[in-house]
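Notes for the one structure printed next.
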Amino acid sequence: MIPAAFEYQRPSSLDEAVRLLADSGDDAKLLAGGHSLLPLMKLRLAAPSMLIDIGRLRDLSYISDAGDTVTIGALTRHHEVETSALLKAQVPLLAHATSQVGDPQVRHRGTIGGSIAHGDPASDLPAVCLALRATFTVVGPNGSRQIPADDFFRGFLETALSADEILTEISVPKVPDAGWSFQKFNRRAQDWAIVGVAAVHNGSTGVGLVNMASVPVRAAAVEDAIAAGSSAAEAATHASDGLDPPADLNASQEYRRHLAEVLVRRALQEAGAP
């Protein structure tokens, strides 16, 4: 299908992008890699009056050592995250999970910030950021602010980003010696995960779930069970506690609950949780 007509702007700086977004109101949308927004526009599920193309703001594409954390510019391509020597050494879970996103074409065009800002519960990287306790920096006309991953995802495709704010940076703690695992079950290669699990164990345990609720979520009951001394198998039985997984053509709620338990157990065992 053909998208509805729209105005197109390509700012040359972050300040200009913020100004355009603030001046254009709620009908403006940011365009980075386009893999989330353009399909919605083609289906007329989104019809922005203006597209603000920030894909060439190279100042927002970087991977940097920031002491106890690694900072990643929001416009960093998936391929750059996947192949980063710094991330492979310090946050290997993120590098590996990014290598599982889509296909090479998607990874060479899509951006980590676009994936996070879209907030799709079926996307891999939000769950990884939750497990790692990442922090997101956003910039708007009133300045910048930092939002913990736990507070960022609000509802289906809804985040804590205001309409006039831009996600600019993802900060993830270094966990070079942590155990980790990324498990994903899908029907075919490159499909969205029916269920996915990101786990990291480094004294404490973080577990993020893919496609188990209307938002990207942590398996809080699993984390609590591990902290209380449960084995990986015992903790995994709590994988869907308090969650309302979707039912669709790919899987029923019961099937997703079963998959979550199986994949969480595998992830915890691979990550070295008790």
Count - residues of the stretch 83-111 that are part of a helix (DSSP H, G or I) and either out of contact with any His (no Cβ under 8 Å at 6 or more places or on another chain) or basic (K, R) (or both) = 17
Of all strands (runs of 3 or more DSSP E) fully inside the stretch 40-81, the set with 1 or more residues that are more than 18 Å from L132 (Cβ to Cβ) is 50-53
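Can you pull out the residues in the stretch 166-218 that are assigned to a loop (DSSP other than H, G, I, E, B) and in contact with a Lys or Arg (Cβ under 8 Å, 6 or more places away or on another chain)?
Filtering the stretch 166-218 down to residues assigned to a loop (DSSP other than H, G, I, E, B) leaves 174-178, 186-194, 203, 211-216.
Within the stretch 166-218, A193, I194, N211, M212, V215 qualify.
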Residues being within 20 Å of the chain's Cα centre (by Cα), free of Cβ contacts under 8 Å to residues at least 60 places away in the same chain, farther than 18 Å from R133 by Cβ and buried (at least 23 other Cβ atoms within 10 Å of the Cβ) - total across the stretch 217-274 = 3
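Would you confirm, using the coordinates I've provided, whether A85 is more than 20 Å from D120 (Cβ to Cβ), out of contact with any strand residue (DSSP E or B) (no Cβ under 6 Å at 6 or more places or on another chain) and either free of Cβ contacts under 8 Å to residues at least 12 places away in the same chain or not aromatic (F, W, Y) (or both)? I'd like the intermediate steps shown before the answer.
Working: more than 20 Å from D120 (Cβ to Cβ): yes; out of contact with any strand residue (DSSP E or B) (no Cβ under 6 Å at 6 or more places or on another chain): yes; either free of Cβ contacts under 8 Å to residues at least 12 places away in the same chain or not aromatic (F, W, Y) (or both): yes.
It is true that A85 is more than 20 Å from D120 (Cβ to Cβ), out of contact with any strand residue (DSSP E or B) (no Cβ under 6 Å at 6 or more places or on another chain) and either free of Cβ contacts under 8 Å to residues at least 12 places away in the same chain or not aromatic (F, W, Y) (or both).
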Pairs only if they're at least six apart or on different chains, beta carbon under 6 angstrom, first in the stretch 134-147 and farther than 18 Å from R19 by Cβ, second among the acidic types (D, E); list them, first residue then second.
-> T137/E169
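Rule-based calculations on the coordinates, nothing more; no lab input. Since the model is a prediction, treat every value here as computed from it, not as a measurement. Cβ: placed from backbone, ideal geometry, glycine included. Neighbour counts: every protein chain shown.
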